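Worksheet: one structure, shown below.
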Amino acid sequence: MNPEEQALIDQLGDVIAPQAPGWWPLAVGWWVLLGLALVVLVNLYLLLRNLKRKQQQNRWRKEALIDHQRIFKNLASRTDIDVNQSTDLAELSVLMRRVALALLPRERVAAMTDDDWLATLDAIGNTREYSQGVGQWLCRGPYRRSQYFDERELNNLLELTETTIKQAQPYQPIHQEERTVAAL
């Protein structure tokens, strides 16, 4: 090597490796992945919140069915017709009032008596058995003497109330003026 070449080589510096790329700013693919993860988390949160709300909204149904079973057992355990059946029917009437309170505004349920009350139960249970059938016992049964109880009708009433509790839906207006107001 001649001196000129050596001088040129001495002027050369060491090879400098490029710096490793930084993590910021993120590449487009990472932004897309973060966006998808955020969408999944928000949807999961909303799903869990709705499930919890539905469970809380239907908790009344579970509690009502437990109380209904207790009343049913009380009535079934009686070997003969006695005065306590009036008490059990009164409890059943109170239970159905609680079912109505779970679905309707309190002011509306508190004001209902007799035929209006039975018509409301018909609307909740999607039946006519309360106002035209064995459901009338809920209004009149607690005040009857024990000798007027028919075991078959009592069992039909218990089946009707249990079905209503299981299938109860929010109240649908039953009067014509309520339908027109609800349609507006």
Starting with the fewest neighbours, write out Tyr130, Tyr45 ranked by other beta-carbon atoms found within 10 Å of each beta-carbon. Tyr45, Tyr130
Tell me, Ile71, Ile124, Ile66, Ile16 in order of fewest to most beta-carbon neighbours within 10 Å? Ile16, Ile66, Ile71, Ile124
Residue-wise, which Karplus ³J(HN,Hα) couplings in Hz belong to the stretch 4-18, taking 6.51 cos²θ - 1.76 cosθ + 1.60, θ = phi - 60°, and x for glycine or proline? 5, 5, 5, 5, 5, 5, 5, 6, 5, x, 5, 6, 9, 6, x
Provide the per-residue ³J(HN,Hα) series for the stretch 105-113, in order, calculated from phi with Karplus coefficients 6.51, -1.76, 1.60 and θ = phi - 60°, each as a whole number of Hz, with x at glycine and proline positions. x, 4, 4, 6, 5, 5, 7, 7, 9
Give me the distance in nm between label points sitting 7 Å out from Cα along the Cα-to-Cβ direction at Asp115 and Glu151, one decimal. 3.5
For the residues Trp117, Trp24, what sequence is obtained by ranking on other C-beta atoms within 10 Å, fewest first? Trp24, Trp117
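Read the figures in this text as sums done on the coordinates, not as results from a lab. Small disclaimer: the values here were computed from a predicted structure and weren't measured. FYI the Cβ positions are ideal-geometry reconstructions off the backbone, even for glycines, and counts take in every protein chain you see.
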